[in-house]
Amino acid sequence: MPRSERDRLYAAPREEVERFVFDERVAAVFGDMIARSVPGYATIVAMTGILARRHAHPGSRIYDLGCSLGAASAVMADSLEGRECTIVAADSAPAMLERARAELATRGLDERIELVCADIRDLEIESASVVVLNFTLQFLPVTERLVLLQRIRRGMLPGGVLVLSEKIAGASAEEERLLVELHEAFKQANGYSELEISQKRTALEQVLVPEPVAVHRQRLAEAGFGSVDLWFQCFNFVSFVAMP
C-alpha cells in the first residue's frame, strides 16, 4: 500500500462541505483513507495480482482504470514479472498520478507501468487480457457505466478477465441500513469520529453513487460478459470477476 499522511481531512467542522474531489489534499492521505475506509481493500488488491497471473496473455495489455496511487498496478507488475505484458495505469487526477509515479519509482516499477492521465471514458482499450476497475465505476454517472463496460468488453481478448470492485447499495431498505451501520462501525473502529464520517458522507453524496449487486450483474451481462461471479464481499464493498 502506498505510504501517505494520516487522513484528517474532515476532522474539523466545516461551515460548508464541498463535493469530494481527488485533489492534492486527498492524494496526500489517500493510502491511509482507503485502508481505514474500505474493508478488505488490501485483500482485493493482493488477489488482483493472482487473477492477473492466471489470465494475462504474453503480449497483451493490462489496464488499471482509475488507478489512483497505482496499488493494483504494482501488485500486477510484481505478479507478471517475466511476462511480456504492457501495464497501462490510467487516472484523470494529476495529483494522484504524481504520487503514483513517485511510489512506483521507489519500488523500481516506474519503467514497467505506463501511467496515463486521461478520462477512462476516452481511453482506447485494445488487446486486453486483464482490466481492473477498483472502486472507479461508482464515480461515473449511472447512465455512462454500461457504455464504458461495453467498450472494455470489445477490447478484451478471449480468456481475459475484468475485475470490478465497488461499493454497493443494499437490495432492500433493511439491508441498506445494516450495511451502512456496519461500514460506519468499521470506520469508527479505525479511528474516524462521527463528525469525520458525517462530513465525508456529505462530500460524497451525488459523487459516489452505489448500486445493488443485482444491477451490477445485469449490466455486466448486457455489456457482453458471459460469466459474472462475486468473489469478495465485506459489508457494502464487493468485487466481481467477469469474463467474456
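Structural remarks
- Of all residues in the stretch 160-207, none satisfies the criterion of being at pLDDT below 95 and small (G, A, S).
- Some residue of the stretch 134-154 being part of a strand (DSSP E or B), within 22 Å of V75 (Cα to Cα) and in contact with a helix residue (DSSP H, G or I) (Cβ under 7 Å, 6 or more places away or on another chain): yes
- Residue that is nearest to V241 (Cα to Cα) [pool: residues in the stretch 155-164 that are assigned to a strand (DSSP E or B) and among the small types (G, A, S)]: G160
- Residue match in the stretch 52-66 (condition: under 16 Å from K200 (Cα atoms), buried (at least 20 other Cβ atoms within 10 Å of the Cβ) and of a type outside the set (G, A, S)): no
- Selection within the stretch 209-229 - at negative phi and loosely packed, with under 15 Cβ neighbours inside 10 Å: A214, Q218, A221, E222, G226, S227, D229
- Among the numbered conditions (1) surrounded by 14 or more Cβ atoms within 10 Å (Cβ to Cβ); (2) in contact (Cβ under 8 Å) with a residue 40 or more places away in the chain; (3) part of a helix (DSSP H, G or I); (4) not basic (K, R), the only one that Y192 does not meet is (3).
- A residue that is at pLDDT 95 or above, assigned to a loop (DSSP other than H, G, I, E, B), within 25 Å of F20 (Cα to Cα) and in contact with a Pro (Cβ under 9 Å, 6 or more places away or on another chain) cannot be found anywhere in the stretch 215-225.
- Residues of the stretch 105-145 satisfying the condition of being in contact with a Leu (Cβ under 9 Å, 6 or more places away or on another chain), farther than 23 Å from I44 by Cα and of a type in the set (A, V, I, L, M, F, W, C): C117, L123
- Residue that is surrounded by the most Cβ atoms within 10 Å (Cβ to Cβ) [pool: residues in the stretch 151-175 that are closer than 18 Å to G59 by Cα and among the small types (G, A, S)]: G160
- Here I44 fulfils each of the conditions (1) more than 19 Å from G155 (Cβ to Cβ); (2) in contact with a helix residue (DSSP H, G or I) (Cβ under 7 Å, 6 or more places away or on another chain); (3) surrounded by 20 or more Cβ atoms within 10 Å (Cβ to Cβ) apart from (2).
The values are calculated or read from the model by the stated rules, or taken from the named source; none is laboratory data. Since the model is a prediction, treat every value here as computed from it, not as a measurement. Counting neighbours? That spans all protein chains shown, and the Cβs are built from the backbone with ideal geometry, glycine included.
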